[in-house]
Each structure stands twice: as structure tokens, then as C-alpha cells.
Amino acid sequence: MKITFHGAAQTVTGSKHLLELNSGTRILLDCGLFQGRGSDTDAMNKDFGFDPKSVDFLILSHAHIDHSGLIPRLVKEGFEGHIISTPATYDLCKILLQDSARIQEYDIKYTNKKRAKAGKPLFEPLYTIKDALTALSYFKKVKYGIVYQIEEGVTLSFEDAGHIIGSASVHLNINEGAESKKISFSGDVGRYKDLILKAPKSFRQADYILLESTYGDSLHDDANPAENKLLEIITDTCVNRKGKVIIPAFSVGRTQEILYSLNNLELKGKLPDVKYFVDSPLSEKATLVVKAHPWNFNDKVQEVLKVDDDPFDFKGLHFVEDADESKALNDDHSPMVIISSSGMAEAGRVKHHIKNNIENPNSTILMVGYAEPASLAGRLKNGVNPVSIFGDYYQVNAQVVSMQSMSAHGDQHDLLHFLACQDKSKIKKIFLVHGEIDVQNNFKTKLQKEGYGAIEIPYRHQSFEI
Ligand SMILES: [Zn+2]
């Protein structure tokens, strides 16, 4: 059989790997959107590198848009097969894919208005809400640990990857002639000491492993728990300087981690008495989905649930509903914390909040997750000053602070821990995916030092016979 890496290949977004079996069956692992790639992004998202009509099954590791966000486009271009995911991944996709479609439709409407005025031909959206709804009707839900037969000679099982609610590592057993091949795809690997979720599960011996490598060459700061750092930043910015803390955060995962940390501070009587806003309708919906899957929570959260029936809600927290209310936050000069999406600050209300606070030395922009270097969050993290937002340049007078300890991705220790259940001598090949090339090269060297043999770092559209 053949495997081809069509996305998250020497980069972090656009996860998409195609297995072509000798029988002719085609199985796609993930169908993610490329994000934060500047002017190349749109063209990359329109070039699958394969014919969507020819794909029989799509197996989805988790709901994050860089893994699921091109599913409606796949459907728009003729895919009619099953989409297999865990039940929680389906619940999240229900809100995320429709939201993504809404953004696509909105953005194109705006662009087309300008093009119509200039007498230029109009563009089509990448996909529409209708495409997203059709895609949702193709889902088949499979729980963790169940061996599910995809077709004769091909079985699949999901194991908890501990990355976000519903996230899974994917384990395929494929019989070809007399041979049985075991292929494991890590999806995104979570942390062994996650704030909210259980640790990633071990998995049975694999022949081929597709391993994410986002933080393959670094270690997260565990010495200083997220809630201490949050307390320090909120106290400094809101209490001492009467400023605003703006936190760009992914709607799924990161937003709930921040809310949970702030709730813990409240339980300890340490939460500063200021206003807290979640300014993203999607983040509010995602928080409801997370709350609806409490069996995914680790023991610590289960303990908190005994004394607090809602560990994501605390005094002073308000979910902002409409755009007018969001805009009104600009005219409110009292100290506050605004948690808003998107996580890379490429779109969404957070981009406006950054624009309105970036020149204020009393404000803090707090980065709590991964950001593509070309995205607004990535540029701020890298110290770009002045910074361009919506086509205008702004002086960065606000403090820009980065908090790596909140990552939903495992660090190098976690990734090695994830592999530790394997007999190294039995692995035929490890493919490193979902990482920046420099990080991947460093991680490859580390893996080789640890005794792992053949390691490939595929580039986009590269194929291997396996
Ligand atoms: Zn993810």
C-alpha cells in the first residue's frame, strides 16, 4: 500500500494523510484546514493533491479545525464516504464546521463586495454551511477501545489521546494478502499531566507510526502552574495598572483550561475581583460540549466536581452574546480579562480587541497556545513591532506575554512517553508529521539517540510504499 502526506507535512496545520490500499480502497486520515500561511493559505486549501471523489473513508483524530476544517470542502468536491470519529469529536464538529463555514461565507461576501465595485469576477467560498451540514450527515461514531471493522480485512480502533475532548490516536490493522500491517496515527498527543483531561492511552505494537511533533524539541514549563502565572498577570495588569488582559484562545480546549484555572483560583479565594469575559459564541458552545462529557475529565477534576458542580464558571464571568456587546467592551475602560478566539488571532473578535489595546502600555496580550509564525499571534510572539492588523500598522506598547505551560500538545517528554509502549525493534518506520521542519529535525536526532530506527520527515504530497 501507499501513504501520501498531503498536509501537516513539515508544517503544523492542514493535517491530511492518504492511505491507498492494494485493494484500491482509499482511507484519508484527517482533513484539516491550512491556517496562518499568509497569502498562500487559500491556494493550499484548494489543492488537495488527490481526487476527493476517490476517497472511501475519512478517519478523524479530533475536531480541531487544522484536522477537520476541510471536511466540508472534501464533500463539496464529491466525497460521499463515511467519516469515522469518536462521539465527542462529532459533537464538537457539529459546532466547529458550521462556524468555519459561516466564516468562509462571510469573508467571501466581504471580498466580493469589493470585487463587484471594481468590476472583477466574484469568488466562491471555500465551502458553505450547506456543505458542512451534508458532511455532518456522513459521520459514524466509534467509541474509544472498540475494534470497528471498516471493510473486509480492515479494522480501526481509537484510543484516548488526551489532547482535547474526544481526541484519539488512530490504530489500523490492514490485511493485504498474507500480510497484516499495523499503522498507528497519533493525531495530536496531549499531556501526561493535563489540567483537565486524562493522560494519553498506550496502544498495541505498530509497524508504522505517524507521530505529531509540534513540540518535539522543547519542554514545557511545568514548574509554574498556569493558574499562578494567570494570577500574576491579572494582578499586575488589572489590579496594579488598571488595564485589560486580552487572551487569544482556541475555542475548544484552551478556553476551558483558562476558565478551569480561574475557577480554581476562586475556590482558593485568590481570584482578583475584576470583570471576566468570554467573547466568542463558539467558545461558549464548545464549553457546553466539554461540560457534557465529564467522563473525559481526569481524577483532579472529578474531585473538584464534588465541591463545585460547574468547574468552568465563577463569580464575575460573563459570556458575550452579540457583536454589539463585544464592541461595547472597547468603551468600557475598567480593568477586565477578555478571552476570545481565534487562538492564532487570525480572525474573530480577538483581532479587534488586540487592535484596540495593542498601543496601550497598561494592557497585556497573553499568548497561551501554538501560533503559526505568520499569524498575528505568531508575529506578536516573535516581537514584530510595529505590527500590521487589518492592513494598518500599530505600535506594540502593550506587554506581550507567552505562557507555554498551557499547551494541549505534549512536549518532548510526553511524545517519548507516548512511544514508550512500543518495542522499538519492531517499528518499521516512524513518520514525523505536524511540526515545523527545524523542530522535526531536532526531534528526529533525539529519537535516533533513543534508539528509534528509520525516521522520515515527509514533505507535502510525498508518497511512501509501506
Ligand atoms: Zn489539535
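Here is how the numbers come out for the structure above:
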read-out: Selected residue (criterion: nearest to ALA168 (Cα to Cα)) from residues of the stretch 72-82 that are open to solvent by 10 Å² or more (accessible area, probe 1.4 Å) and not in a loop (DSSP other than H, G, I, E, B); value: HIS82
read-out: Candidates GLY69, GLY38 - the one that is open to solvent by less than 40 Å² (accessible area, probe 1.4 Å) and either assigned by TED's automatic domain parsing to the domain that holds ILE430 or over 18 Å from the mean Cα position of the chain (by Cα) (or both); value: GLY69
read-out: Selected residue (criterion: most open to solvent (accessible area, probe 1.4 Å)) from residues of the stretch 281-319 that are under 30 Å from ARG102 (Cβ atoms) and aliphatic (A, V, I, L, M); value: LEU288
read-out: Looking only at the stretch 45-64, and only at residues there that are assigned to a helix (DSSP H, G or I) and open to solvent by less than 30 Å² (accessible area, probe 1.4 Å), the one that is farthest from the ligand (Cβ to nearest atom); value: PRO52
read-out: Residues of the stretch 272-283 that turn out to be of a type in the set (Asp, Glu) and either touching a helix residue (DSSP H, G or I) at 6+ places or on another chain (Cβ under 6 Å) or farther than 21 Å from GLU227 by Cα (or both), as a count; value: 1
read-out: Tally, over the stretch 102-154, of residues that are in a helix (DSSP H, G or I) and modelled with pLDDT of 95 or more; value: 8
read-out: Single unsatisfied condition, ALA371 versus (1) farther than 26 Å from GLU212 by Cβ; (2) of a type outside the set (D, E, K, R); (3) in contact with a Gly (Cβ under 8 Å, 6 or more places away or on another chain); value: (1)
read-out: Scope the stretch 115-133; condition open to solvent by 90 Å² or more (accessible area, probe 1.4 Å) and either within 16 Å of the ligand (Cβ to nearest atom) or of a type in the set (Gly, Ala, Ser) (or both); matching residues; value: none
read-out: Subset of the stretch 382-420 (residues that are aromatic (Phe, Trp, Tyr) and open to solvent by less than 10 Å² (accessible area, probe 1.4 Å)); value: PHE418
read-out: Selection from the stretch 333-354 of residues that are open to solvent by less than 40 Å² (accessible area, probe 1.4 Å), in contact (Cβ under 8 Å) with a residue 40 or more places away in the chain and out of contact with any Pro (no Cβ under 8 Å at 6 or more places or on another chain); value: SER334, PRO335, MET336, VAL337, ILE338, ILE339, ALA347, HIS353
read-out: THR235 vs. criteria out of contact with any helix residue (DSSP H, G or I) (no Cβ under 6 Å at 6 or more places or on another chain) and either of a type in the set (Phe, Trp, Tyr) or within 16 Å of the ligand (Cβ to nearest atom) (or both); value: no
read-out: Matching residues, the stretch 199-232, being of a type in the set (Val, Ile, Thr) and within 16 Å of the ligand (Cβ to nearest atom); value: THR214
read-out: Which numbered condition ASN263 fails, given (1) within 16 Å of the ligand (Cβ to nearest atom); (2) outside the structural domain of GLY166 (by TED's automatic domain parsing); (3) farther than 14 Å from ILE338 by Cα; value: (1)
read-out: Test: residue in the stretch 83-99 that is assigned by TED's automatic domain parsing to the domain that holds ARG26, part of a loop (DSSP other than H, G, I, E, B) and basic (Lys, Arg); value: no
read-out: Selection from the stretch 199-243 of residues that are of a type in the set (Lys, Arg) and at pLDDT 95 or above; value: LYS201, ARG204, ARG241, LYS242
read-out: Residue list for the stretch 231-240, restricted to those being open to solvent by less than 50 Å² (accessible area, probe 1.4 Å) and either in contact (Cβ under 8 Å) with a residue 60 or more places away in the chain or in a loop (DSSP other than H, G, I, E, B) (or both); value: ILE233, ILE234, THR237, CYS238
read-out: Of residues in the stretch 134-157 being under 21 Å from the mean Cα position of the chain (by Cα) and closer than 21 Å to PHE48 by Cβ, the one surrounded by the most Cβ atoms within 10 Å (Cβ to Cβ); value: ALA135
read-out: Of all residues in the stretch 163-198 being within 16 Å of the ligand (Cβ to nearest atom) and in a strand (DSSP E or B), the one that is farthest from VAL301 (Cα to Cα); value: PHE185
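The values are calculated or read from the model by the stated rules, or taken from the named source; none is laboratory data. None of these values were measured; they are calculated from a predicted model. In this analysis, Cβ positions are derived from the backbone assuming ideal geometry, glycine residues included, and neighbour counts consider all displayed protein chains. Areas reflect the complete protein model, heavy atoms only, side chains present, ligands, DNA and RNA absent. Shrake-Rupley method; radii C 1.70, N 1.55, O 1.52, S 1.80 Å.
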